[in-house]
């Protein structure tokens, strides 16, 4: 099973506000796309959004909804690599009935 997770964080500037946008594109892929594009070109990315339409971020607790977005090359200011998430699976037979939620 392949789980799709954000691989890079782009800091974009829209108007006077900065937004962190998470994408499934790798750092190398974004860099190559920016090198090939001219200053006013729009680049196509799969970005992580929340159910209410706002940008997803790691601590929000909402599931990721992947959306295709066109982002202008000029608004991308910083690109950061997001580490691969570590997942711990518990295969025990405990039913956890005594755990309060």
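Values in this text are rule-based calculations from the coordinates and carry no lab data. Source: prediction; values computed, not measured. No Cβ is skipped: glycine too gets one built from the backbone with ideal geometry, and neighbour counts run over all protein chains shown.
Label sites at residue 79 and residue 65, each approximated as a point 7 angstrom past Cα along Cα to Cβ, lie 2.7 nm apart. Using the Cβ-Cβ distance between residue 5 and residue 44 with R0 set to 22 Å, the FRET efficiency works out to roughly 0.70.
Which whole-percent values make up P(r) of region 8-81 when all C-alpha to C-alpha distances are grouped in 5 Å steps starting at zero? P(r) over region 8-81, rounded to whole percents: 3, 16, 28, 27, 17, 7, 2, 0.
In terms of its C-alpha gyration tensor, region 50-90 has an oblate overall shape, because the principal axis ratio a/c (a ≥ b ≥ c, square roots of the eigenvalues) is not below 1.5 and a/b does not outweigh b/c. Relative protection proxy for 70-76, 21-27, from highest mean packing down: 21-27, 70-76 (other beta-carbon atoms within 10 angstrom).
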